[in-house]
1. Criterion first (more than 14 Å from chain B (Cβ to nearest Cβ), part of a loop (DSSP other than H, G, I, E, B) and surrounded by fewer than 24 Cβ atoms within 10 Å (Cβ to Cβ)) does residue A:475 satisfy it?
2. Is it the case, given these coordinates, that residue A:174 is modelled with pLDDT of 95 or more, outside any strand (DSSP E or B), on the phi < 0 side of the Ramachandran plot and buried (at least 24 other Cβ atoms within 10 Å of the Cβ)?
3. Taking the conditions exactly as written (in contact (Cβ under 8 Å) with a residue 24 or more places away in the chain and either within 14 Å of another protein chain (Cβ to nearest Cβ) or over 22 Å from the mean Cα position of the chain (by Cα) (or both)), does residue A:223 satisfy them or not?
4. Would region A:25-38 turn up any residue that is away from chain B (no Cβ under 14 Å) and within 26 Å of the chain's Cα centre (by Cα)?
5. Does region A:300-339 hold any residues that are out of contact with any helix residue (DSSP H, G or I) (no Cβ under 6 Å at 6 or more places or on another chain), surrounded by 24 or more Cβ atoms within 10 Å (Cβ to Cβ) and assigned to a loop (DSSP other than H, G, I, E, B), and which are they?
6. Of the numbered conditions (1) touching a helix residue (DSSP H, G or I) at 6+ places or on another chain (Cβ under 9 Å); (2) in a strand (DSSP E or B), residue A:167 fails exactly one; give the number of that condition.
7. Would you confirm whether any residue within region B:14-23 is within 23 Å of residue B:125 (Cα to Cα) and touching a helix residue (DSSP H, G or I) at 6+ places or on another chain (Cβ under 6 Å)?
C-alpha cells in the first residue's frame, strides 16, 4: 500500500469543489434560452379526467405552451417501462399497466402529472399552472397493500385484475411445510416493513434540449445511471435513437436508489423542447413534489413462520409477503420484492428448507422501487426479528442461537438461489461482542434501572447480495439488461491518465478511490488521474451505480482495462530497454527491468507509445484500452450490528446509547470512504426504525407526510456516534476481492434497533417507526 | 419590481428583481452563485444557509429585498483566495461530506455556530445546533467531528493571536 494506493486513507479529490461552492449539479446548469416547466399534478388519489381547460394558462404572462397527456399521446410518445419480467406461480407474465409520462384519462395517485406549463420564468410557469382547470370525477382509492385484493377494491389498471401484478414464489413448499409440521417449536410473526422516502438532499432535475439542426436531443438529469436512461428513452419511450440522444448526469446530490429510475419528467422535458421549437425545457422538483413523485421504498406486509428442532437448529422458514408497488411499476420495481428480497431469506444461517410467496399489488400511491438496500433490508429485518423473538421464546441467548445456526463453511448453497462464496460470521459476531462488552450489559441495565431508565440490547446479523450482477444469471431471472460494467483507460502522451467509467458517483467518492486503484497499479499520482463519468457522449456505455456495485463490478472493469494497458507498456518498455518482456515490472511510476538498474519513467513509455518512433514491429501506436467486466457471482457482504438503547418510560423516548457495526466488506480501497458509507447507511436504518414512515390517509389517499415538517428525517441529535469495525474475508469472485459497502448500514441496522427496544421494554413486537408515542403505548400495554 | 443593493462576498451589486424574489433565487439565478442550494421548501434542511450581516440565515426563507443594504456572505466567499477557511478544511480532512449538496449550508451554519460558541462547542451542542441542517449521506458522524476539530483549531488560532 502506497500513501495513495489501495487501503490508504486518502482525502477525497472531489471535495475541493464541493466545499468551495463549485460543485456543478443539474440545477446549476442554465443553457441559453432556457424555459421552465411546472407540472400540474393530481390532487386526487384516483380520478377520471373529464376535461382540461388550458386557455387561461396559455394566455398568462410569459407562457410558451401548456401540454397535456392528450398531446403526448397524439405525438405517439411511449410510456415508461418496468425492465424486469417476473412470472407468477402459474407461469403467466406480470401484469403491468400502462404508464404514460403525462396521465391520460385516469390519474392513479396524488401527484400524478396531468399537464405541464412551460414559461419564460419558473414563477410565471407556477402562476399559470394555478390557472389550468382540470375537471375530475373522483374514484374510490386503495392505499393499503393488504386491502388491494379485497373484493370490491377499486381497480387501478385494467391489465391487472384485483390489482395483482404477480403472485410469485421461490423455494420448496413441501419440504418447508414438512419442516414446520415436524418442528419442536415454531415461531410466528406478522411483520410490516414501513414505507420510506429516500430523500436525497438534491431534488430531481431534468433539462431537455432539442437541436433541430442536428435532430439531436440532450438531457441533463439527476441520474445514477445515465446510459440506462438513454437506453429506455430511446428504445421504449421513443424520444430518439441512441446516437441522437445524449444524457448527462453531472454532480448528483445523493441518490440512494431513487435516481436509478427513468421518470416521466425526463420524457416530458425532452419532448416539450422539440414541441416548442428547440428551446431547452428545465424542470426542478421542489421537496413536496419529491415526496409525491420520487419512488418510495419498502412497504411490505409479511407473515412468517420459522421452525426449530429440539436442538434449536432452524429446520424451515416459510414467508408470505404482500409488496406494495404503488400506482405504476417503476423501472426495477418488480425485482425488489422477489430476487433482491426472497433470495436473502436464509440470512447468515444454514436453513435446509425455505419457501416464500410474494404478491405484488398496485395501490393508489407513489410508485415503490429500490431504496438503499432494496429488498435486502426487508429480508434482514424479517430474519433478524424472527431470530431475536425465537431466542426469547425458546429461552436461549440470542447470540448463541445465531451462532448455532451460522453458515460455517463456504461455498454455501442456500435453498433460495444464492451461493455464498466467502464469509466468517463468527468473526464479525465476536468482534461486535467484544466492542459492545456484552458481558457487561447486565450491569449497565441495572445501572440504568437505578436511574429509572429501561436499557435494552439488540443484535442483527445481516447478509446482503451486492456486486449486481452476473448478466446471464439475472437474464435468466427476468432482467431486461445485463449488469456488467465497462471502463476505458486513456493514457495521455505525458503520462497522465483518464479513466472513463460506466459507474456514476453521487457521493461515493469514485474520483478518489478509482484513482487510488490506478496509483496502485501504475504508480501515477492520483492528481494525475481524472475520472470521467456521467456523460453518454464521453463514456460509451455503462450500467451505473446502485446495489453497491461500483467497487466489485465497476472497478473490476478498470482492473481489466489496466491489465491491457500494462501488457502494452511492458511490450514497449521491453523493446526500448532491450529486455525480455517477462522481466519488466511496473512499479512506483517507473517501468523497470527486474534485477537490474534499468528503468524508464512511466511517462517516457507513454510518450513512446504516441510518438510511434520506436515501437515493437507491427504494434499500433497509442495507449488506450477498454474492457467490459461481467461478474461471475454476487458478492456477500455481511456483519453483526449491536444496538444499545435506553428508553425513558415516562415519555417513550428512545435514545441510542451505543451502536457497534462489525462489517466484512472483503478488501477495501479507502477506509475513510467505507466508514462514511456505513455511517450514512446506519443513519438511514436508524431513521427507519425510530423516525421515518410514510403515512397515507386510508380513505382519501392523500399523502400526509409530504414535507420535512411531517416526514421525520434523522437530525444530528437523533443518531449516536457510531463504532465501526472491519473484518475481511476477501471476495473470491472479483480481482480486487471487494464485496461492497454502500447499503450494509441501512440493511443491518433496523432490526438491531427494534430488537434493542423490545428487549428494553419487554414486548414481543413494536411497529416501525418506534416513535415515543408508540413506545409509550407499548410500555403501558406491557404493564397492563 | 424592486431595486435591491447589497454587498455579496465583498462586491457591491444592484439589481432589479420581482418583489417576491427569494434571496436564494437572487443569489443562484440573478448572480449565478450556485454554491448555495435549495433542498426543501419549508426551512428545514439548511442547504441554503448564507450569512447576512454576519448571522446565519436560511436564504430560501428571506426575500432578496429583505437583504437590501446588507453584507451577504456565501460559500463562494468563505475562503481567502486559495486559503480554505478552517471549517472548509476540516470538512475535507474529516470526510464530512459525500454528495456535497448539503455541504455549503452545513459549512456556513458551522462557521456561525463556532462564532457563537467558540471553544465551548462539545459534541452534544454541535448535534443540537445542527437541528436546522439535514444531511442524508454522512449520518452526521464526520460532520460533527469536522466542526469540533475546526472549533478547536480556531480557538487555538485565536489564542495564538492574543
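1. Working: more than 14 Å from chain B (Cβ to nearest Cβ): yes; part of a loop (DSSP other than H, G, I, E, B): no; surrounded by fewer than 24 Cβ atoms within 10 Å (Cβ to Cβ): yes.
In short, no.
2. Numbers: modelled with pLDDT of 95 or more: yes; outside any strand (DSSP E or B): yes; on the phi < 0 side of the Ramachandran plot: yes; buried (at least 24 other Cβ atoms within 10 Å of the Cβ): no.
In short, no.
3. Values: in contact (Cβ under 8 Å) with a residue 24 or more places away in the chain: yes; either within 14 Å of another protein chain (Cβ to nearest Cβ) or over 22 Å from the mean Cα position of the chain (by Cα) (or both): yes.
So residue A:223 passes the test.
4. no
5. Correct list: A:326, A:327, A:328, A:329, A:330, A:331, A:332, A:336, A:337, A:338, A:339.
6. Of (1) touching a helix residue (DSSP H, G or I) at 6+ places or on another chain (Cβ under 9 Å); (2) in a strand (DSSP E or B), only one is false for residue A:167: (1).
7. no
Each row is one residue, and each column tells you yes or no for (1) closer than 28 Å to residue A:508 by Cα; (2) not in a loop (DSSP other than H, G, I, E, B).
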site	(1), (2)
B:95	yes, no
B:104	yes, yes
B:108	yes, yes
B:118	no, yes
B:129	yes, yes
B:147	yes, yes
B:151	yes, yes
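The values are calculated or read from the model by the stated rules, or taken from the named source; none is laboratory data. Since the model is a prediction, treat every value here as computed from it, not as a measurement. When we count neighbours, we look across all protein chains shown, and the Cβ atoms used for this are built from the backbone with ideal geometry, even at glycine.
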